[in-house]
Amino acid sequence: MMQKHGYKVLSVGLIAYALVWGLLMQDIPYLPILHQTIRNLYYHVPMWFSMTVMMFVSVYYAIMYLRTQGIMNDIKAVAAAEVGLLLGILGLLTGSLWGRYTWGTWWSGDIKLNMSLVAVFIYFAYFILRDSIEEVNKKAKISAAYNIFAGASLVPLLFIIPRLTNSLHPGADDNPAFSAYNDSLNANMRPVFYSSVIGFILFAIWLFELRYKIIHLRVRLEEKTERKRGSTIEKCNIE
């Protein structure tokens, strides 16, 4: 039992540690612009890391579906994309809140913000596409192909294009990242930050498993309902 659920306990413990100690820690870098808002680093960035992991998990299962035509792979791709999209939305919200207190506006038009929003919209389109197709196998094939495109688009949108232009984010231009400052202070932040990253990724995997089970159960119930309906219609025709 502990082996099966150990990572869940670990994820809750690490996130709790990041939440509590991240807010209570006194010895943090006092950086221009960021000040106390640097604590959002423990939550905002791990959410984006977790989102990226889930989106690539979704791409993996989309590829597996196209190779095997196994409907379980399609369900896993959908579940991972749903969790990833949730984390992406939370990442945008925490980023917007961070920007409000550092840049003075909820949305600055910064290139990283804009590209992140485009990435989220691409995955919204993924679910709209799925809902627009009725036939199960056709839906799975088309959405799997689109999923691969969506996952590939994350690389330029989140990791390449923002590096080619000026950005207000820490680490760009005159807005320094915390790693550029006193190492003794940064050493206090790293354990909390890395714990939060691991905790959020494990928590995302937990959510993914839960969502997969829910979708799987719903699909089985729908199939059972269809079989009952078909046998009822056949019985009526015979009579």
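The values are calculated or read from the model by the stated rules, or taken from the named source; none is laboratory data. Keep in mind the model is a prediction, meaning the values are calculated, not measured. As a convention, Cβ positions derive from the backbone with ideal geometry for all residues, glycine included, and neighbour counts pool all protein chains shown.
For ALA204, the conditions (1) modelled with pLDDT under 95; (2) closer than 21 Å to ALA77 by Cβ are fulfilled apart from (1). Checked against the criterion of being within 21 Å of ILE215 (Cβ to Cβ) and either under 20 Å from the mean Cα position of the chain (by Cα) or at pLDDT 90 or above (or both), the candidates VAL53, VAL45, VAL9 yield just one match: VAL53.
Taking the numbered list (1) assigned to a helix (DSSP H, G or I); (2) on the phi > 0 side of the Ramachandran plot; (3) not aliphatic (A, V, I, L, M) in turn, ARG67 passes all entries but (2).
For region 159-176, indicate whether the set of residues that are surrounded by 16 or more Cβ atoms within 10 Å (Cβ to Cβ), modelled with pLDDT of 85 or more and within 19 Å of THR52 (Cβ to Cβ) is non-empty. Checked against the condition, which is being surrounded by 16 or more Cβ atoms within 10 Å (Cβ to Cβ), modelled with pLDDT of 85 or more and within 19 Å of THR52 (Cβ to Cβ), region 159-176 yields no hits at all.
Pairing each residue of region 188-214 that is over 10 Å from TYR42 (Cα atoms) with any residue that is among the acidic types (Asp, Glu) and in a helix (DSSP H, G or I), provided the two are 6+ apart or on different chains, yields C-beta distances under 6 Å for ARG211/GLU82.
Looking across region 100-132, the residues that are under 26 Å from TYR42 (Cβ atoms) and free of Cβ contacts under 8 Å to residues at least 24 places away in the same chain come down to ARG100, GLY104, THR105, TRP106, TRP107, GLY109, LEU113, ASN114. Taken over region 127-149, the residue count meeting the criterion of being within 15 Å of the chain's Cα centre (by Cα) and either under 16 Å from LEU87 (Cα atoms) or not in a helix (DSSP H, G or I) (or both) is 1. Within region 61-81, track down each residue that is surrounded by 21 or more Cβ atoms within 10 Å (Cβ to Cβ) and under 20 Å from the mean Cα position of the chain (by Cα). The answer is TYR61, ALA62, ASP74, ILE75, LYS76, ALA77, VAL78, ALA79, ALA80, ALA81.
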